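Q: Quick one: the structure is below, and I'll ask about it shortly.
The values are calculated or read from the model by the stated rules, or taken from the named source; none is laboratory data. Fair warning: this is a prediction, and the values are worked out from it, not measured in the lab. For neighbour counting, all protein chains shown are included, and Cβ atoms are generated from backbone atoms with ideal geometry for every residue, glycine included. Just the protein is used for accessible areas: all its heavy atoms, side chains included, with ligands, DNA and RNA removed. Shrake-Rupley method; radii C 1.70, N 1.55, O 1.52, S 1.80 Å.
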Amino acid sequence: MVTAPMPAGPAASSMSRPGSTASGGVLDDAAPLAEVIRGDLVESVHLGHLVVLDPAGRPVIQVGNPTTPIWARSSLKPLQLVAMLRAGLELPDRLLALAAASHNGERFHLEGVLQILASRGLGPDALRNTPDLPLYPPAALEWHMAPLAGGPGPAPLAQNCSGKHAAMLATCLTQGWDIETYLSSEHPLQRAVRATILDLTGDAEVVMHATVDGCGAPLFSTTLLGLARAFSVLSAAPTVDLRSHEARVGRAVSAHPDMVGGTGRDATLAMQAVPGLVAKDGAEGVYAAGLPDGSAIAFKVLDGSARSRPAILAAALRAAGAAGLPGVYPGGLDGLGRVPVLGGGRPVGEVRAVFADAYTEGRR
């Protein structure tokens, strides 16, 4: 196992300075994950926490403290989907992938959400997630010109979590649960989600925190170690437990990467490059991914920035052995990890993952 060294001196002490309101110690033990290089100088550094697991679930790389509680945000969606399947949800794999998505709001995404709702006799007015515009600028323009429901402004249907919320409504109707209160933390669905997250992550219940996610759904904390363990289960299940709900989620997500993100999204590009990969991004710099052999990664960029995520993701996948898997497209991984820094509209530097210096290339 390789563990990144802790910073020392004034910089280290300032990370846990008295008076910080951070809960759970996310500032403590954070270490560099990526550098922003402009010209021949390091301009900025992204700190965070990261873990890479081998197929047996052993940490082979730890940066910072992967046992620190974090909000995994939308990286939890595949785990939430497992809870829904356990509660009886049944949808085609393409729509299951959409239920685990933070989608771009492209037309095929929105039509898929409407399809989930219509399959249970519901319309978009049943959605209780936060109104928003599509994430993808061309999709936002299309929505403005020709919205599929309601007016051209923000709407629950257009928001990136609408697939998850449509699937939650479908699950409630399958069980005969109330659909007006499905976002309550005391609702049977959300209690099932909480129990499933604890089951898949193996995290201790005593360290779980709860709040509300950006979409309005209950959000439960995990550790990065637990999150990586859960993605290890999801990605390996199609070969080791192929009839399980976990296998169903793993197959659906990896087989339909366009539904999980969309045009230009790094999770989509990563799964297109690595067959069998199960990957999900989350807000505030979170990522989790699992490979078909059970290797897995999870990381949190401390400043919440998305800028460094693709570079860190590509390096972490290489550290987990993704480049050596059958059918992998190495050029896809290379492209994913290439994050240029521009000056005058042309590349003058790059965002570079630095934790990767701690492991030996070609581990497998």
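Q: Given (1) crowded, with 24+ Cβ neighbours inside 10 Å; (2) closer than 30 Å to PRO137 by Cα, where does PRO154 come up short, assuming only one miss?
A: All conditions pass for PRO154, except number (1).
Q: Answer yes if at least one residue in the range 160-167 is open to solvent by 10 Å² or more (accessible area, probe 1.4 Å), touching a helix residue (DSSP H, G or I) at 6+ places or on another chain (Cβ under 8 Å), under 30 Å from ALA306 (Cα atoms) and among the small types (Gly, Ala, Ser), and no otherwise.
A: No, there is no match, as no residue in the range 160-167 is open to solvent by 10 Å² or more (accessible area, probe 1.4 Å), touching a helix residue (DSSP H, G or I) at 6+ places or on another chain (Cβ under 8 Å), under 30 Å from ALA306 (Cα atoms) and among the small types (Gly, Ala, Ser).
Q: Could you list, ordered by first residue, the pairs with Cβ atoms under 7 Å in which the first is in the range 95-120 and among the charged types (D, E, K, R) and the second is open to solvent by 10 Å² or more (accessible area, probe 1.4 Å), at least 6 apart or interchain?
A: GLU106/TYR136; GLU106/THR263; ARG107/GLU142; ARG120/LEU173
Q: Can you find a residue in the range 141-152 that is over 19 Å from GLN80 (Cα atoms) and in contact with an Asp or Glu (Cβ under 6 Å, 6 or more places away or on another chain)? Steps first, answer last, please.
A: If we filter the range 141-152 for residues that are over 19 Å from GLN80 (Cα atoms), which is where we start, we get 141-152.
Okay, now just the ones that are also in contact with an Asp or Glu (Cβ under 6 Å, 6 or more places away or on another chain), so none.
Checking the range 141-152: not a single residue is over 19 Å from GLN80 (Cα atoms) and in contact with an Asp or Glu (Cβ under 6 Å, 6 or more places away or on another chain).
Q: Which condition from (1) in contact with a strand residue (DSSP E or B) (Cβ under 6 Å, 6 or more places away or on another chain); (2) buried (at least 22 other Cβ atoms within 10 Å of the Cβ) is the one that VAL341 breaks?
A: (2)
Q: Being within 20 Å of ARG107 (Cα to Cα), within 15 Å of the chain's Cα centre (by Cα) and among the aliphatic types (A, V, I, L, M) is the filter here; which residues of the range 253-287 pass it?
A: Once the filter is applied, which keeps residues that are within 20 Å of ARG107 (Cα to Cα), within 15 Å of the chain's Cα centre (by Cα) and among the aliphatic types (A, V, I, L, M), the range 253-287 yields VAL253, MET259, VAL260, ALA267, LEU269.
Q: For the structure I just gave you, tell me whether SER221 is hydroxyl-bearing (Ser, Thr, Tyr) and farther than 29 Å from ARG120 by Cα.
A: Details: hydroxyl-bearing (Ser, Thr, Tyr): yes; farther than 29 Å from ARG120 by Cα: yes.
Yes; evaluated as a whole, the condition is true for this residue.
Q: Please go through the range 231-279 and give me each residue that is β-branched (Val, Ile, Thr), open to solvent by 10 Å² or more (accessible area, probe 1.4 Å) and over 17 Å from LYS77 (Cα atoms), ordered by number.
A: Initial filter on the range 231-279 (β-branched (Val, Ile, Thr)): 233, 239-240, 249, 253, 260, 263, 268, 274, 278.
Retained after the next criterion (residues that are open to solvent by 10 Å² or more (accessible area, probe 1.4 Å)): 233, 239-240, 263.
Those that are β-branched (Val, Ile, Thr), open to solvent by 10 Å² or more (accessible area, probe 1.4 Å) and over 17 Å from LYS77 (Cα atoms): THR239, VAL240, THR263.
Q: In the range 75-114, how many are assigned to a loop (DSSP other than H, G, I, E, B), within 13 Å of GLY163 (Cβ to Cβ) and small (Gly, Ala, Ser)? Steps first, answer last, please.
A: Taking the range 75-114 first, the residues assigned to a loop (DSSP other than H, G, I, E, B) are 87-92, 100-106.
If we keep only those that are within 13 Å of GLY163 (Cβ to Cβ) as well, we get 89, 91-92, 100-106.
Still in the running and small (Gly, Ala, Ser): 100-102, 105.
Total satisfying the criteria: 4.
Q: Related question: Taking the condition surrounded by 15 or more Cβ atoms within 10 Å (Cβ to Cβ), out of contact with any strand residue (DSSP E or B) (no Cβ under 6 Å at 6 or more places or on another chain), within 23 Å of PHE220 (Cβ to Cβ) and acidic (Asp, Glu), does ASP132 pass? Working first, answer last.
A: Details: surrounded by 15 or more Cβ atoms within 10 Å (Cβ to Cβ): yes; out of contact with any strand residue (DSSP E or B) (no Cβ under 6 Å at 6 or more places or on another chain): yes; within 23 Å of PHE220 (Cβ to Cβ): yes; acidic (Asp, Glu): yes.
Considered against the rule, which asks whether it is surrounded by 15 or more Cβ atoms within 10 Å (Cβ to Cβ), out of contact with any strand residue (DSSP E or B) (no Cβ under 6 Å at 6 or more places or on another chain), within 23 Å of PHE220 (Cβ to Cβ) and acidic (Asp, Glu), ASP132 comes out as yes.
Q: Moving to a separate point now. Go through (1) open to solvent by 20 Å² or more (accessible area, probe 1.4 Å); (2) touching a Gly at 6+ places or on another chain (Cβ under 7 Å); (3) of a type outside the set (D, E, K, R); (4) closer than 20 Å to GLU246 by Cβ one by one and return the number of the condition ALA99 breaks.
A: (1) is the only condition that ALA99 fails.
Q: Right, another one. Filter the range 282-303 down to residues that are open to solvent by 10 Å² or more (accessible area, probe 1.4 Å), under 27 Å from THR239 (Cα atoms) and in contact with a strand residue (DSSP E or B) (Cβ under 9 Å, 6 or more places away or on another chain), then give me how many there are. If you could, list the steps in order and put the result at the bottom.
A: The initial filter retains those residues of the range 282-303 that are open to solvent by 10 Å² or more (accessible area, probe 1.4 Å), namely 283-284, 292-293, 300, 302-303.
Of the ones still in play, those that are also under 27 Å from THR239 (Cα atoms) are 292-293.
Next cut, in contact with a strand residue (DSSP E or B) (Cβ under 9 Å, 6 or more places away or on another chain) only: 292.
So the count comes out to 1.
Q: Out of PRO7, PRO18, which single residue is surrounded by 13 or more Cβ atoms within 10 Å (Cβ to Cβ) and at pLDDT below 50?
A: On the way: PRO18 fails: surrounded by 13 or more Cβ atoms within 10 Å (Cβ to Cβ).
Only one candidate qualifies: PRO7.
Q: Can you name the residue in the range 304-328 that is out of contact with any Pro (no Cβ under 8 Å at 6 or more places or on another chain) and over 26 Å from VAL45 (Cβ atoms) and is also least open to solvent (accessible area, probe 1.4 Å) among such residues? Before the answer, list the steps.
A: Here is the first cut: in the range 304-328, the residues out of contact with any Pro (no Cβ under 8 Å at 6 or more places or on another chain) are 304-322, 324.
Subset that is over 26 Å from VAL45 (Cβ atoms): 321, 324.
Values: GLY321: 13, GLY324: 66 Å².
Across the range 304-328, the extreme among qualifying residues is GLY321.
Q: Same structure again: May I ask you to list the residues in the range 116-163 that are within 22 Å of SER185 (Cα to Cα), among the charged types (D, E, K, R) and either in contact with a Gly (Cβ under 6 Å, 6 or more places away or on another chain) or assigned to a loop (DSSP other than H, G, I, E, B) (or both)?
A: Passing the criteria: only ARG128.
Q: Go through LEU200, LEU189 for me and flag whichever is in a helix (DSSP H, G or I), open to solvent by 10 Å² or more (accessible area, probe 1.4 Å) and closer than 24 Å to VAL82 by Cβ. First the steps, then the outcome.
A: On the way: LEU189 fails: open to solvent by 10 Å² or more (accessible area, probe 1.4 Å).
Residue meeting the stated conditions: LEU200.
Q: Applying the selection to the range 168-179, what residues are open to solvent by less than 10 Å² (accessible area, probe 1.4 Å) and in contact (Cβ under 8 Å) with a residue 40 or more places away in the chain? Explain how you work it out, then say what you get.
A: Taking the range 168-179 first, the residues open to solvent by less than 10 Å² (accessible area, probe 1.4 Å) are 168-172.
Selection gives MET168, LEU169, ALA170, THR171.
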